[in-house]
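See below for the structure under consideration.
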Amino acid sequence: MSSIELTPTRKRLSGELFVPGDKSISHRSVIFSSLAEGTSVITNFLTGEDCMRTVEAFRDMGVNIIQENDRLTVQSRGIHHLKEPAHPINFGNSGTTARLMSGVLAGLPLFTTAYGDESLSKRPMDRVVEPLSLMGAEIKGRNNSSLLPLAYNGKKLRSAKHNLKVKSAQVKSALLLAGMLAEGETEVIELGQTRNHTEMLLPEFGVDVKVEGRSIKIQGGQQPTPSDIRVPGDISSAAFFIVAASIVPQSELTIRNVGLNPTRDGIIKAMKQMGADIDVQVHTYIGSEPVGDLVIRSSQLEGITLEGDLVPNIIDEVPILALAATQAKGKTVIKDAEELRYKETDRIAAVVETLSILGADVEAKEDGFIINGQTSLKGGCIDSFGDHRIGMMGAVASLICDYNVTVENKDCINISYPSFFEHLNGILN
Ligand code: S3P
């Protein structure tokens, strides 16, 4: 198992940084391109392990995907020419691949099987299997078809109206993709706003999607047309450096070309509410996604309560926000975040264990935690729990610890941010 020992540097963060492409948009770009007939080019694609699982899934189905660094050329003959994979598809650690591909595989006339790694094999798939079954999908698997491995007896699905029971962009997207392949009009009504990249990006591929408040409608029988996509920088990756520059004294850091979709920018709102000094300059739109530069200067943070509708917007940023809370004066409460228990690991338990080892005052709740700050963090040996975002949170914590921090099982960081340590070293001055 890989580990890294990080010694206190007492250095500040300065200079500028380009974070890698957005994970959610990278997955969607490769899915939509692979379903289109023709050639699409995706640039600034995130080549982390998760997105490569989606690439491999379509290669298994006969799509020619050429990778040159972060540029993908996707050459597909379209929905009707995808072939049955000769072996089970490996979804790896990727929940997004598993959920979104379930929507696709259920609706294509192919028989496929798929499995995941140890972590993904424990994560709930019934959240997609159940609503897909209402559309006529035939999906079978362990534990009453709620866990991977799954077998998909794909076929033409019928449309449905879904009232979602969870606030999940993955579930919404799986059902929209299934709806796109089905007969008739499918409607998905969200329980609360979640990231809207599927609805924003499908029209770039010529697919008609109607959004009215929390209702999203898609007409079946549509095939995407090829499109060239430039993926913006991932705000969820930038989040680690937004917090790092805020809590390491004397820092001033610029992060360029970050995707600032309003369903994803909660980290900036939350940090500003805590007193962070962040300048935001939107300078371009990629499709309909706003993209801009951030300048972050260190500042004294204050505790806040994070709850309700903001939570889905910051769902991947909660671990790093929890670290920020240890450096805020007063109490920070994070609630309504029970979804964290179903991520790559139980992130409520992992955050509490990690920050407690480092010397923080943190208490777990069923749906979040309470953190009392400001505490000076000591150091120690922590585990990533195989979760990239816990591993990166531990590495950022080491920047403000008095003693060494060892992050065990650090290789999982490659899932979303293969160049993380290189980038971190490049801005420590
Ligand atoms: C994602 C949605 C979120 C998020 C994940 C990526 C997506 O999951 O945690 O990292 O790309 O749709 P849920 O939809 O399960 O909340």
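The values are calculated or read from the model by the stated rules, or taken from the named source; none is laboratory data. Quick caveat, the model's predicted, so the values are computed rather than measured. Heads up, the Cβs are rebuilt from the backbone with ideal geometry, glycines too, and the neighbour counts pull from every protein chain shown.
Working only within the stretch 36-67, note down all residues that are closer than 30 Å to D387 by Cβ and over 21 Å from the mean Cα position of the chain (by Cα).
Keep residues of the stretch 36-67 that are closer than 30 Å to D387 by Cβ, which gives 42-61, 63, 65, 67.
The answer is R59, D60, M61, V63, I65, Q67.
Taken over the stretch 328-342, the criterion of being farther than 17 Å from K272 by Cβ and within 16 Å of the ligand (Cβ to nearest atom) is satisfied by D336, A337, E338, E339, L340, R341, Y342.
Check the stretch 337-348 and report whether any residue there is among the β-branched types (V, I, T) and closer than 27 Å to T97 by Cα. I'd like the intermediate steps shown before the answer.
At the first step, the residues of the stretch 337-348 found to be among the β-branched types (V, I, T) are 345, 348.
Subsequent filtering for residues that are closer than 27 Å to T97 by Cα retains 345, 348.
Taking every residue of the stretch 337-348 in turn, at least one turns out to be among the β-branched types (V, I, T) and closer than 27 Å to T97 by Cα.
Within the stretch 317-344, being within 19 Å of G386 (Cα to Cα) and surrounded by fewer than 24 Cβ atoms within 10 Å (Cβ to Cβ) holds for E339, L340, R341, Y342, K343.
Picking from L46, L13, L35, which residue would you name as being within 16 Å of the ligand (Cβ to nearest atom) and at pLDDT 95 or above? Walk me through how you get there before you give the answer.
Values: L13 fails: within 16 Å of the ligand (Cβ to nearest atom); L35 fails: within 16 Å of the ligand (Cβ to nearest atom).
Residue meeting the stated conditions: L46.
When each of I216, I189, I235 is tested for being closer than 24 Å to I304 by Cβ and either surrounded by 24 or more Cβ atoms within 10 Å (Cβ to Cβ) or at pLDDT 95 or above (or both), the lone residue that passes is I235. So for the stretch 230-240 (the condition being more than 16 Å from the ligand (Cβ to nearest atom), out of contact with any helix residue (DSSP H, G or I) (no Cβ under 8 Å at 6 or more places or on another chain), among the charged types (D, E, K, R) and within 30 Å of S14 (Cα to Cα)), does at least one residue qualify? So far as the stretch 230-240 goes, yes, one or more of its residues are more than 16 Å from the ligand (Cβ to nearest atom), out of contact with any helix residue (DSSP H, G or I) (no Cβ under 8 Å at 6 or more places or on another chain), among the charged types (D, E, K, R) and within 30 Å of S14 (Cα to Cα). State whether the residues of the stretch 277-290 include one that is outside the structural domain of A325 (by TED's automatic domain parsing), of a type outside the set (S, T, N, Q), without any contact (Cβ under 8 Å) to a residue 24 or more places away in the chain and not in a loop (DSSP other than H, G, I, E, B). Looking through the stretch 277-290, none of the residues is outside the structural domain of A325 (by TED's automatic domain parsing), of a type outside the set (S, T, N, Q), without any contact (Cβ under 8 Å) to a residue 24 or more places away in the chain and not in a loop (DSSP other than H, G, I, E, B). Inspection of the stretch 284-305 finds no residue satisfying the criterion of being of a type in the set (D, E, K, R), under 20 Å from L340 (Cα atoms) and surrounded by fewer than 22 Cβ atoms within 10 Å (Cβ to Cβ). Close contacts from the stretch 189-216, counting a first residue that is more than 14 Å from A36 (Cβ to Cβ) and among the β-branched types (V, I, T) and a second that is away from the ligand (no atom under 11 Å from the Cβ) and in a strand (DSSP E or B), with Cβ to Cβ under 6 Å and a gap of 6+ residues or different chains, come to I189/N163; I189/S215; V209/I218; I216/V188. Scanning the stretch 278-331 for residues that are modelled with pLDDT of 95 or more and small (G, A, S) turns up G292, S298, S299, G303, G308, A322, A324, A325, A328, G330.
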